[in-house]
Every structure is written in structure tokens, then in C-alpha cells.
Amino acid sequence: MNKLPISIISAAIFLASCNGGADKEAALLKEKQFAIDSMKLVMEKKAIVDSMNTVMAKREAAKQAEGVRAEEKDAKVDQAVASNNVAVSPAPAATRRKKGWNHMAKGAVVGAGTGAVTGALVNKNRAEGAIVGTLIGAGVGTATGALVDNSQKKKRRNNN
């Protein structure tokens, strides 16, 4: 009678040890697959970076080729001017304004951010307050930015 509980416990330990090995093997296979997947991901990223570097190198080569052509053209013009003994001043380059965000867009973004924070702080329901504050702040910021843009346009017109 004493042998029955011992044999049951022995059988349970034996079965548990067999299952543990299978679990360990499955975990090991899962780890290996994860490592393989991460290596594939790294290789794909490297391929993308390499292709982008190739594209950028081609663009640089094209720009340099255009620069050489422009220099050759300038040299021919200089030779023609020198042979005619006529002093010609080069035309001034057109000054371009750098395009960026206008004041209306900046005002909308700043107003929306400020309104969201203020609305979340003021209202007990933070999400609702943030939404309402965002809408009101964006509206006020857009209006303010439009006023600034209009005043700058008037100044530009008066200066020209």
C-alpha cells in the first residue's frame, strides 16, 4: 500500500519532466525564430538604406554634371565678352523669399495646442475639455494669424 502513492508521485514527476523538456524546446525554437526574424528585419532596413544612398549618389552626380555644364556656359559667355571688349555686368539673381508656414497656419497650431492644454486643465472631463479647447484655440489662432498676414501684405504693398 505504501508503494502506490510513491509510484503515483514518481509517474507524475516523470511526466512533468518530459513536458518540461518539450516546453523548453518550444521556447528555444521560438527564441531562434525571433532572432531570425529580427536579422531579416535588419537586413531589409539595410537594403532600404543602401538603395536610398544609391539614389542620393545619382542625384549628386546629376547636380555636379549640371554644375559643370553651367560653368562651361559661363566660361563661353565670359570669352565672348572678352573678345568683344565690352564690359557686361551679370544680371542680379532674383531674390526669392523662403517659403514656410504663414502666420495663419502657425496661429492655428499654437492656438490648438494652447487651447487643448487649457481646456484639459479647466474642465473636469479632461478629454472633452481638450477637444473644446483645441477647437476654440485653433479658431482664435487662425483669426489672429490672418490679421498678421494681412498687415504684412499691406506693408509690402506700401514699400513697393
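No value in this document is a laboratory result; all are computed from the given coordinates. The structure presented is a predicted model; accordingly, all values stated were derived computationally and were not measured. Note that we place each Cβ from the backbone using ideal geometry, even for glycine, and neighbour counts take in every protein chain shown.
Past 24 Å, Cα to Cα: identify those pairs from 63/99; 99/154; 40/63; 58/99, in the order given. Cα-Cα > 24 Å for 40/63; 58/99; rest within. Neighbour counts of other Cβ atoms within 10 Å put 155, 99 in the fewest-to-most order 99, 155. In plain terms, the residue of 13, 136 with the fewest other Cβ atoms within 10 Å comes first and the most crowded comes last, giving 13, 136. Between the beta carbons of residue 36 and residue 57, assuming R0 = 41 Å, the FRET efficiency works out to 0.85 to the nearest 0.05.
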